[in-house]
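Coordinate-derived values only; no laboratory data. If you're wondering where the values come from, they're calculated on a predicted model, not measured in any experiment. Reconstructed Cβ throughout: ideal geometry from the backbone, glycine too, with neighbour counts over all protein chains shown.
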Amino acid sequence: MLSKNPNFGARLKALRQARGLTAKRFAEMAGYAPSNQTRYEQGTGWPSVWTARAQAGVLGIDTDEFLKLVGTEEDDVVQQVSADSLFESRLARFREACASVPPPMQDAYISACVQLAIAFSSTWHVGLAR
């Protein structure tokens, strides 16, 4: 979760409106429920780091720039993300997903997942290095 900056909601709303997007459309494009967008804009809910990345993507801006525009320091985000716990939770999900794939398709599924993980990992580390 991002730090609770009281101006976050108003700034997010202004950025969204500047792009000509409704709250519902913005939420759909970012991949979460419109009710969450309402909570974010009203200051009663705070997005996760992953949601903030999605919001930045919808706005067409870099995540770091987005965090500056909404008044959240990157240091707040970095302190709240534990790479180890994140890796462990993702690994557990991956193991569960693999178990549900029929054995003849598991090799292809695992290969595709590994390629995605490598691409995501490279993007994640570049984002933290900025």
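Quick look at the numbers
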read-out: Alpha-carbon Rg with Dmax, taken over region 8-80, Å; value: 11.0, 33
read-out: Extension gain (nm, one decimal) between Q42 and I61, 0.36 nm per residue minus Cα-Cα; value: 4.6 nm
read-out: Nearest-0.05 FRET efficiency for A33 and M105, computed from C-beta distance (R0 25 Å); value: 0.20
